[in-house]
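The block underneath contains the structure these notes are about, expressed in structure tokens.
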Number of protein chains: 2
Amino acid sequence: MLSGELLVGQTAYRGKKGVVNGVNPATGAVLEPSFGLAESKDVARACELAWNAFDEYREAPLERRAVFLELIAENILSLGDELIERAMQESGLPRPRLEGERARTVGQLRLFAEVVREGSWIDVRIDNALPDRKPMPRSDLRLRNIPVGPVVVFGASNFPLAFSVAGGDTASAFAAGCPVIVKAHSAHPGTSELVGKAIRDAVTAVQFPEGVFSLLFAERDQAIELISDPRVKSVGFTGSRAGGLALVKAAANRAEPIPVFAEMASINPVFLLPGALAERAESIGKGFVSSLTMSAGQLCTNPGLILALEGEGTDRFLVAATDALGQTGEATMLTPGIHQAYQRGVSQLKKNDKITLAAAGTTNGATNACQANLFVTTAESFLADPEMHEEIFGAAALVVVCKSQYDMRAIAEKLEGQLTATLQMSDADGLAAHALLPALEKKAGRILINGFPTGVEVCHAMVHGGPFPATSDPRFTSVGTLAIRRFLRPVCYQDFPDNLLPDTIKRGNPLSLPQKVDGKIVVPDKLELIS
Amino acid sequence: MLSGELLVGQTAYRGKKGVVNGVNPATGAVLEPSFGLAESKDVARACELAWNAFDEYREAPLERRAVFLELIAENILSLGDELIERAMQESGLPRPRLEGERARTVGQLRLFAEVVREGSWIDVRIDNALPDRKPMPRSDLRLRNIPVGPVVVFGASNFPLAFSVAGGDTASAFAAGCPVIVKAHSAHPGTSELVGKAIRDAVTAVQFPEGVFSLLFAERDQAIELISDPRVKSVGFTGSRAGGLALVKAAANRAEPIPVFAEMASINPVFLLPGALAERAESIGKGFVSSLTMSAGQLCTNPGLILALEGEGTDRFLVAATDALGQTGEATMLTPGIHQAYQRGVSQLKKNDKITLAAAGTTNGATNACQANLFVTTAESFLADPEMHEEIFGAAALVVVCKSQYDMRAIAEKLEGQLTATLQMSDADGLAAHALLPALEKKAGRILINGFPTGVEVCHAMVHGGPFPATSDPRFTSVGTLAIRRFLRPVCYQDFPDNLLPDTIKRGNPLSLPQKVDGKIVVPDKLELIS
């Protein structure tokens, strides 16, 4: 069923710039078919189609855009087990994880359909004319958000469904009204083709212009050409720090610089406060290892750093954690390259004489398998060694034993930006938590109490973002409905007659959208009011 | 009364890195006193104070923040005529313009006080816990916007009050909860000191930590040090393209890159559609010249480009415009440097053999005075010559005579990003307007019908922004209440007990803020509901 073809609008054909194949990381076996890579002309054609589709797509009725998103979800479900099996082969991820990821992907598309219909993302603002104002009259001023233009999405290695071809970046860009060109991740080309066709078929069914979506398999040079094309206006990326920064640089060097939303590196510190450890050191230890080893540690919010005060509670935590980790089996990693990088990172820590290996998971030496590792060091050593602050992608974590709360705060203040920060605390830890929170708010996009950071809810209040290097722009999120804002810009319409205004800001509010009128929130009666 | 001192928190002292003096551009006279420029240690001290003030300032009650903004406004008014007279001496701008600008500055501060109290900028989002959800329970998730951190504001040459020390950037950063360090524009140091003291005194009165505000006079190297300091998290700038890009580059090269909101270059195209010219070519000609020559053309939204179809209507427009321009007297420009750049730009156009000088204003050769100039060219020449697309800061405009609507659209599509685009139209021009609008929406932050772009209302629906090079980030505005969003980032709080939540997102909504609860807008009953 797989063709190995590019999807350039509605035309599928083989790229001629060499080929790439999927590889089963559990066996090293090369998977058929090969996928033809895009040449420069294919990149240019996808950009041209996207640009030509932009005006029609962005001004089509919101209901049609919502139906389009729902249809993509249906088409993905219709792929059935073929999708799950191909994704398992290409990623080494187990069936339940991929079935869960598919549910998340489909749910995300449907949630964005609801968001499109609800319309508060349009941020309608109306300042009515004041013709009699002195010394100068005021014009009629109406603001709406419009989409920025075609968006390039880079598929992520670690979520072949939820952060790839029809993942959160694509769903939010489509919801905003942007055509999308996906650069498929080379680790899961077959999964990408299947999902790409699901989107292409939805474009056909809803009769949108073909350029609303293209899927390219491409080498690095063509990827840079893609984000350098003047018709591309924004970029979504989830991956490594080096990869993200290369895109940020290329986008900044354009004649018209554009934003890159890169979600990159985070070690997701977890602070174990003494009251919590006194109450439940063992369950924290077990819960932590479970979070650490989920998906072989290949999650953006993987808890890679634990901070705890020296003493009995921390000793009990370490016993529980090392015990749990020692019973954890190995798990196939996503790609041979990711496995090699993990091995390199772990052996660096092992060579560091300020670091002790506390525990390791079991291993049978399976191909590209991640053996979990837990290391321990002191606050003093951690503060002095930037290498210890770096993310190791995979199931490795470092426990930093602190002599005092001051050490903990000093570390909180010295950390780079993070996606998440977590406090394990009891009622007795209120003061310590209070003291840490201002530093954590400045460092992280999400702060959790008594949970673990893995498991990112797709909802309205989610922030999957954070200060550099967690992301390239902490003012935005890549998960949750607020992700739509990345791809919008405001435009003000001054003294327009009604027949030239878009429906969203016409007089009389024909679409019943929430508005801000002369500075006051005005909601149509479909919305709730509480006192 | 003026001291020439830096205001570093509550400490005023002379900088020792050389001096700068104001210059009266109408006479060339050097104004006393001299202002001591900041050394590196002064820059570092201002950043340290701002960083130390940040947590207390951002968590102070919103009401206190609002009162602070109102007090700044009062203190500026209390400066009385001394402020206006000094600003006139330093800028060459006439009294009524500066009195109007003061009213705008004060109104802007008061409007942001209202915004702070109303609170929808906090973007409170609550997804309630779903403990019984299958297969996984959902956590309690609460989002609020927090300020990004200390902001550096560069005073603008052309608005010594409204875009300088206590201008829109400062007001919106304070409203967001950010400490501000202003780098004063060297053209109006005395005006800056007066307004700086008004802010400093408000900080004292409201008993905020001193680092909430500092004012520095500085050379370029220290300005770059300032935005390179790791404690600075955002930058606001209004000025030239070269100046803005230098800041963008320095900010991108930091270990932690930060955004720069630079409002730079725009030629603000005005499209004269044939129906409008048939009806009222003469009044359009007069209105245009009035807009062009306002404040010697030194406005960001100055209409520097006119597009019209060849024919009788355009001939009548040109007669009216050249007649009006020929009667326009010269006006002092802001600085000798700006005057020289204007002269250079105009003489470049005069040398261009594809351009005709249609009219010039009167001149007596006064010092640093702007003589208005109106040039004419063809669409073909304009499309072929990038030089004609560049902004000349001052009262010079280029009329491009097009052979057809296709020429007009081709130009609309080829233009760089703009702050504004304007249509002069009648009912008969509906189709032509419809055809142009999609291109204009992609190019400009504000689109006007039957007005002129000068005169930027400070309100909720204003967008003073637009695609590059109009600004460095078209997703934001530097005028109007939406400007606050530049200095905010979202943070999600997961499973927090009430006593650790900030008041803005506590259960029970104690501050009666607008919220989005489980995806639905919920407004306290102080807000309006319409059906």
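Given the alpha-carbon gyration tensor of region A:269-449, what are the semi-axes of its equivalent ellipsoid in whole angstrom, ordered largest first, with each equal to the square root of 5 times an eigenvalue? Let's see the in-between values first.
On the way: eigenvalues 134, 60, 45 Å².
After scaling each eigenvalue by five and taking roots: 26, 17, 15 Å.
Kirkwood radius, region A:201-263, all distinct C-alpha pairs, inverse of mean reciprocal distance: 13.0 Å. Across the identical copies, the label point of residue A:134 (7 Å from Cα in the Cβ direction) is separated from its matches by 7.1 nm, in order from shortest. Kirkwood Rh over Cα pairs of region B:356-399 into Stokes-Einstein at 4 °C, 1.567 mPa s: D in µm²/s? The calculation lands on 111 µm²/s. Computed from the C-beta positions of residue B:503 and residue B:363 and an R0 of 60 Å, the FRET efficiency is 0.50 to the nearest 0.05. In the frame of its principal axes, the protein assembly as shown has Cα extents of 91, 66, 54 Å, reported largest first. The modelled label-to-label distance for the pair residue A:426/residue A:132, using points 7 Å beyond Cα in the direction of Cβ, is 6.9 nm.
Considering all projection directions equally, how large on average is the shadow of the alpha-carbon convex hull of region B:134-195, in square nanometres? Spell out each step's value before the answer.
Numbers: hull surface 23.0 nm².
Hull-based average projected area comes out at 5.7 nm².
Computed from Cα positions, the angle between helix A:430-443 and the longest principal axis of chain A comes to roughly 50 degrees.
Indicate, rounded to the nearest 5 percent, the antiparallel portion of the DSSP beta bridges found entirely in region A:269-449. Within region A:269-449, antiparallel bridges account for around 20 percent of the total. DSSP beta bridges fully contained in chain B are about 40 percent antiparallel. For chain A, the longest principal axis of the Cα atoms and the long axis of helix A:81-91 meet at an angle of about 50 degrees.
Relative to the other identical copies, residue B:100 shows label-point distances of 6.3 nm, where the label point lies 7 Å from Cα along the Cβ direction and values run shortest first.
Close amide H partners of residue A:234, meaning residues 5 or more places away or on another chain with modelled amide H under 5 Å apart, are A:152. Comment: the Cα-to-Cβ extended label point of residue B:283, at 7 Å, lies 7.7 nm from its counterparts in the other copies, nearest first.
Applying the criteria of a DSSP loop state and at most 14 other Cβ atoms within 10 Å to the trypsin sites (Lys or Arg not before Pro) of region B:113-179 yields B:133. Scalar couplings 3J(HN,Hα) for region B:419-426, obtained by applying the Karplus form with A = 6.51, B = -1.76, C = 1.60 to θ = phi - 60°, are 5, 9, 9, 10, 10, 9, 8, 10 Hz; x denotes Gly and Pro.
For region B:423-526, the convex hull spanned by the alpha carbon atoms encloses 183 Å³ per residue.
So what are chain B's ellipsoid semi-axes, whole angstrom, largest first, if each one is the square root of 5 times an eigenvalue of the alpha-carbon gyration tensor?
Here the semi-axes work out to 41, 31, 19 Å.
Rounded to the nearest whole angstrom, the semi-axes of the ellipsoid equivalent to region A:162-251, taken from the Cα gyration tensor as √(5λ), stand at 22, 15, 12, largest first.
Restricting to Cα atoms and excluding each atom paired with itself, what does the Kirkwood estimate give for region B:1-98 in Å? Don't skip to the answer; put the middle values down first.
Working: mean 1/r = 0.0620 Å⁻¹.
Evaluated over region B:1-98, this radius sits at 16.1 Å.
Averaged over every viewing direction, what's the projected area of the C-alpha convex hull for region A:356-458? Give it in nm², one decimal, please.
Details: hull surface 33.6 nm².
Averaged projected area of region A:356-458's Cα convex hull equals 8.4 nm².
A viscosity of 1.567 mPa s and a temperature of 4 °C, combined with the Kirkwood radius over C-alpha pairs in the Stokes-Einstein formula, give region B:50-106 a diffusion coefficient of 98 µm²/s.
Sites listed here are chymotrypsin sites (Phe, Trp or Tyr not before Pro) in region B:48-151 whose DSSP assignment is loop and whose Cβ has at most 16 other Cβ atoms within 10 Å, and the list is empty.
All of the numbers you see were taken from the coordinates with simple rules; none came from a lab. Fair warning: this is a prediction, and the values are worked out from it, not measured in the lab. Cβ atoms come from the backbone with ideal geometry, glycine included; neighbour counts cover every protein chain shown.
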